[in-house]
Amino acid sequence: MGSSPTLLRRARLLLLLFSSVVVSSSAAVVIFNVKDYGAVPDAKKDSAQAFMHAWKDACGAAEGEPRVLVPEGTFMVSPVVFQGPCKSPAVVFQVAGTVVASEDLSEFSDDAWIEFDHVDGLLLTGGGKFDGRGSSAWQYNDCKHSSSCTLLPTSIKLSSVTNTTVRSITSLNSKSFHLVVHGSRDVNLHSLTITAPADSPNTDGIHIGKSSNVNVGRSAIGTGDDCISIGPGSVGVTITSVRCGPGHGISVGSLGKYEDEEDVAGVRVRNCTFQGTTNGVRIKTWPNSQPSAASDMIFENIVMDNVANPIIINQQYCASSSCSNQSPSRVKISDVKFKNIRGVSLSKVAVNLLCSNLVPCKGVELGDIHLTYGSGGGGGDGGDDGGATASCTNVDGLSLGSVIPPACL
């Protein structure tokens, strides 16, 4: 009997602690619903100011977990910048509905439609959609005719963000790039659906530049340009379990177009599938370029299902009719491994390594490659085994294991 008061006190203490946990958990999330700020889900009225005010309050909240909520419905939003830094160590931007862009290009004074700038601890999620309504703007893209063209606006830009995750989001019909990661670090992108017609110009799915420790995974990307492009200054980029097609494949580059470009290093592309794309895994640099380097790259466990150019290094890349090929590329490519890549090539040259005669590629490896020429379904081994070829120009490297077509290294 003497222990009963002690047991009772302990029980009360546990109950108090449990109650405080429940209260703190229920109070942790603070919702900032854009409708409460005047956003109208009619796809017509501009709700940009409502979105901005909801973000301003969420970003300024010092306690709890602030969450901007875009509920179900279709909200038209003109260009907005969600500026940080925020007071909370984590901010959620939850999109359950559909956000559509303005079709009036005169409203876009910057290079992005939706931009998050200098935000730490951002989570963009919710299962919703961003519709860039690009079909009204693609006719104004002139990059096929001019290498100095101005790109149309990107749909979503992550600029100078850290510790950021984007997941369970769909991006449709961007005017130009769908999602850009620029000047950022520790970024995770996964469970994304990115879609645009195969003939839409410069609609790269994800573009990464001047960023470190960026991870892309478990996503389906089909566009009119690169599914994923990795630009200058990218270090520590890992891409896994991405299904690419239609599009131009997964590319490192293009590199060497501008002065003072930073190097690319530490790229890993694994367990990806390419279906009906013009390229598979590609490294591309401009001729007549400024000096830079791209090194430490591994492309492995890749399936090519009717891909025009499964494995390609192109140091004479030219995206327009106004390029100068008189001087070779000065981008030094080294330590590149292509491993366990198999499937069907739609071109006879299934492996095309065209490197610079000024700075030849060094340390290139081809290992366990099985690419056949013809047409076939399912991404397996098929077609005419004897028809595929490999071409190597200015390359120093070696082949390992079984390599079909026979390696030119």
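The values are calculated or read from the model by the stated rules, or taken from the named source; none is laboratory data. Computed from a prediction, not measured in an experiment: that's the story for all the values here. Glycine gets a Cβ as well: all are built from the backbone with ideal geometry, and neighbour counts include every protein chain shown.
Numerical summary
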read-out	value
Scope the range 65-94; condition touching a helix residue (DSSP H, G or I) at 6+ places or on another chain (Cβ under 7 Å), closer than 18 Å to ASN163 by Cα and not in a strand (DSSP E or B); matching residues	GLY84, CYS86, LYS87
Residue list for the range 62-86, restricted to those being within 23 Å of SER184 (Cα to Cα) and not basic (Lys, Arg)	GLU65, PRO66, VAL68, PRO79, VAL80, VAL81, PHE82, GLN83, GLY84, PRO85, CYS86
Flag for ALA390 being over 15 Å from ILE283 (Cβ atoms), under 27 Å from the mean Cα position of the chain (by Cα), at pLDDT 95 or above and assigned by the TED database to the domain that holds ARG270	no
Tabulated pairs, the range 165-192, first of a type in the set (Phe, Trp, Tyr), second part of a strand (DSSP E or B), C-beta under 6 angstrom, 6+ apart or interchain	PHE177/THR154; PHE177/HIS207
Set ALA62, ALA43: member being part of a strand (DSSP E or B), surrounded by fewer than 16 Cβ atoms within 10 Å (Cβ to Cβ) and either touching a residue at least 24 places away in the same chain (Cβ under 8 Å) or assigned by the TED database to the domain that holds SER159 (or both)	ALA43
Those residues of the range 158-181 which are buried (at least 23 other Cβ atoms within 10 Å of the Cβ) and basic (Lys, Arg), in sequence order	LYS175
Test for LEU189: is it outside any loop (DSSP other than H, G, I, E, B) and either within 19 Å of ILE230 (Cα to Cα) or in contact with a Ser or Thr (Cβ under 8 Å, 6 or more places away or on another chain) (or both)	yes
Residues of the range 85-98 satisfying the condition of being surrounded by fewer than 19 Cβ atoms within 10 Å (Cβ to Cβ) and either touching a residue at least 60 places away in the same chain (Cβ under 8 Å) or closer than 13 Å to ASP57 by Cβ (or both)	LYS87
